[in-house]
Amino acid sequence: MTGLERNADVVRMSSYAPLFAHVDGWQWTPNLIWCDNLRVYGTPSYFAQQLFSRNRGDRVLPTMVLGAKRFYANAVWDEHAREVILKVVNPGMMPVSAAIKLAGVAGVSDQGQQFELAGNRPGDFNSLAAPNSVITVPSALEGAAPDFDHTFRPYSFTVLRIPVRAKP
């Protein structure tokens with residue numbers, strides 16, 4: 001998804017199918033939303049799609065990832081909220097401490113928001129019995145600056161929303 005967003009100038013649309021499945025009658029997996037006759041739950045993929053849809057930007061910003069294998073990042077500018085939105089995927093089994101440099105941005109607020117979707121191991125999933133095993137957890141982001149360090153949990157997708165005074 002970060003690659004789709006980073007190449008938004010050439011990617012016109014994307015979709016996820018199939019969307020819904022009943023736990024007692026399905027043709028294939030994966031699906032985003034599962035249900036029985038009384039309950040429903042979203043998969044980790046559902047929450048990842050939700051994070052992308054709720055954190056869209058107006059313009060893709062240049063993003064570089066140096067030195068980390070299998071670590072993916074993308075940044076966008078949200079004109080209405082006046083925020084830089086950074087999306088980071090750490091699919092590895094170790095935390096990654098990253099140096100974030102917001103080049104060309106003035107008036108970076110030290111307070112922002114973090115939304116983290118993470119499991120404890122790659123095979124973690126939600127189910128009717130445990131619908132909230134892997135869900136988005138919001139928290140405050142403190143200590144943001146034009147240059148700051150942030151640690152990303154293993155097996156995680158993290159969205160950082162950082163308010164700024166002047167657009168990049």
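In table form, for the structure just shown:
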item	result
Criterion (modelled with pLDDT under 95, surrounded by fewer than 13 Cβ atoms within 10 Å (Cβ to Cβ) and out of contact with any Asp or Glu (no Cβ under 7 Å at 6 or more places or on another chain)) met by exactly one of Lys101, Lys69	Lys69
Complete set of residues in the range 101-120 that are assigned to a strand (DSSP E or B), more than 21 Å from Ser45 (Cα to Cα), free of Cβ contacts under 8 Å to residues at least 60 places away in the same chain and not polar (S, T, N, Q)	Lys101, Gly107, Val108, Gly112
Per-region count, the range 148-168, residues assigned to a strand (DSSP E or B), surrounded by 13 or more Cβ atoms within 10 Å (Cβ to Cβ) and not basic (Lys, Arg)	11
Conditions (1) out of contact with any Ser or Thr (no Cβ under 9 Å at 6 or more places or on another chain); (2) among the aliphatic types (A, V, I, L, M); (3) under 22 Å from Ala166 (Cα atoms); number of the one not met by Val65	(3)
Yes/no for Leu32 being touching a Gly at 6+ places or on another chain (Cβ under 9 Å), surrounded by 11 or more Cβ atoms within 10 Å (Cβ to Cβ), within 23 Å of Asp124 (Cβ to Cβ) and free of Cβ contacts under 8 Å to residues at least 60 places away in the same chain	yes
Residue tally, condition surrounded by 14 or more Cβ atoms within 10 Å (Cβ to Cβ) and at pLDDT 95 or above, over the range 138-147	1
Test for Ser53: is it loosely packed, with under 15 Cβ neighbours inside 10 Å, part of a strand (DSSP E or B) and on the phi < 0 side of the Ramachandran plot	no
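The values are calculated or read from the model by the stated rules, or taken from the named source; none is laboratory data. Given the structure is predicted, the values throughout are model-derived calculations rather than measurements. Positions of Cβ are generated from backbone atoms using ideal geometry, with glycine treated the same way; all protein chains shown enter the neighbour counts.
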